[in-house]
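*Asks:* Take a look at this one; I'll ask things after.
The values are calculated or read from the model by the stated rules, or taken from the named source; none is laboratory data. What you see is a predicted model; the values in this text were computed from it and never measured. Backbone-built Cβ (ideal geometry, glycine too); neighbour counts: all protein chains shown.
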Amino acid sequence: MGARYIITNAPEEIGFEIDREEANSAEIRAVQNAKNLIMTRMGEIPYDRQRGFDTSLYDLPMGEMQGILMEELDRVMLWEPYVEVVEAEILRTEEDGMVIFQVTIEVADNVE
């Protein structure tokens, strides 16, 4: 069982979720890659249009979106083989109504 981290799709500095004293550099890179993947919109990367989060999910009702979220996050994390999504929760910010995902990931012990 690897180390667990909580990341979000909030537009904040990458790497804020990591206690750098406890994690090795490969583990830090894997967490940052996972954060990048959920921040990337599907279709945004030329020649790799399937990479990134499918933003059409934002148009769904919250209950329906919660049901599909884990499946979508599992698909997105295919590009980071050392990370597995453990759970995800949808939060909504009070001030602007922005939809934030709080995603618990597990980084494999054998990350290189």
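*Asks:* Of the residues that sit in region 71-88 and are in contact with a strand residue (DSSP E or B) (Cβ under 8 Å, 6 or more places away or on another chain) and surrounded by fewer than 16 Cβ atoms within 10 Å (Cβ to Cβ), which one is farthest from Thr55 (Cα to Cα)? If you could, list the steps in order and put the result at the bottom.
*Replies:* Filtering region 71-88 for residues in contact with a strand residue (DSSP E or B) (Cβ under 8 Å, 6 or more places away or on another chain) gives 72-74, 76-77, 82-88.
Pick out the ones that are also surrounded by fewer than 16 Cβ atoms within 10 Å (Cβ to Cβ) and you get 74, 86-87.
Numbers: Asp74: 15, Val86: 21, Glu87: 19 Å.
Only one residue tops the list, namely Val86.
*Asks:* Need pairs with beta-carbon distance below 8 Å; first residue closer than 15 Å to Ala10 by Cβ and within region 33-44, second basic (Lys, Arg) and at pLDDT 90 or above; sequence gap 6+ or separate chains.
*Replies:* Taking only residues 6 or more apart or on different chains, the pairs are Leu37/Arg51; Thr40/Arg51.
*Asks:* Could you tell me which residue of region 75-107 is nearest to Met42 (Cα to Cα), considering only residues that are in a loop (DSSP other than H, G, I, E, B) and modelled with pLDDT of 90 or more?
*Replies:* From region 75-107, those in a loop (DSSP other than H, G, I, E, B) are 80-82, 93-98; that's our starting set.
Keeping just the survivors that are modelled with pLDDT of 90 or more gives 80-82.
Working: Glu80: 15, Pro81: 18, Tyr82: 21 Å.
Per the criteria, the residue is Glu80.
*Asks:* Right, something else. Take the residues in region 89-112 that are charged (D, E, K, R) and touching a helix residue (DSSP H, G or I) at 6+ places or on another chain (Cβ under 9 Å); name whichever of them is surrounded by the most Cβ atoms within 10 Å (Cβ to Cβ). Spell out the reasoning first.
*Replies:* Residues of region 89-112 that are charged (D, E, K, R), as a first pass: 89, 92, 94-96, 106, 109, 112.
From what is left, the residues that are touching a helix residue (DSSP H, G or I) at 6+ places or on another chain (Cβ under 9 Å) are 89, 92, 112.
Working: Glu89: 13, Arg92: 10, Glu112: 7.
Result: Glu89.
*Asks:* Checking the condition in contact with a helix residue (DSSP H, G or I) (Cβ under 6 Å, 6 or more places away or on another chain), of a type outside the set (D, E, K, R) and modelled with pLDDT under 90, which residue from Ile28, Ile14 passes?
*Replies:* On the way: Ile28 fails: in contact with a helix residue (DSSP H, G or I) (Cβ under 6 Å, 6 or more places away or on another chain).
From the options Ile28, Ile14, the qualifying one is Ile14.
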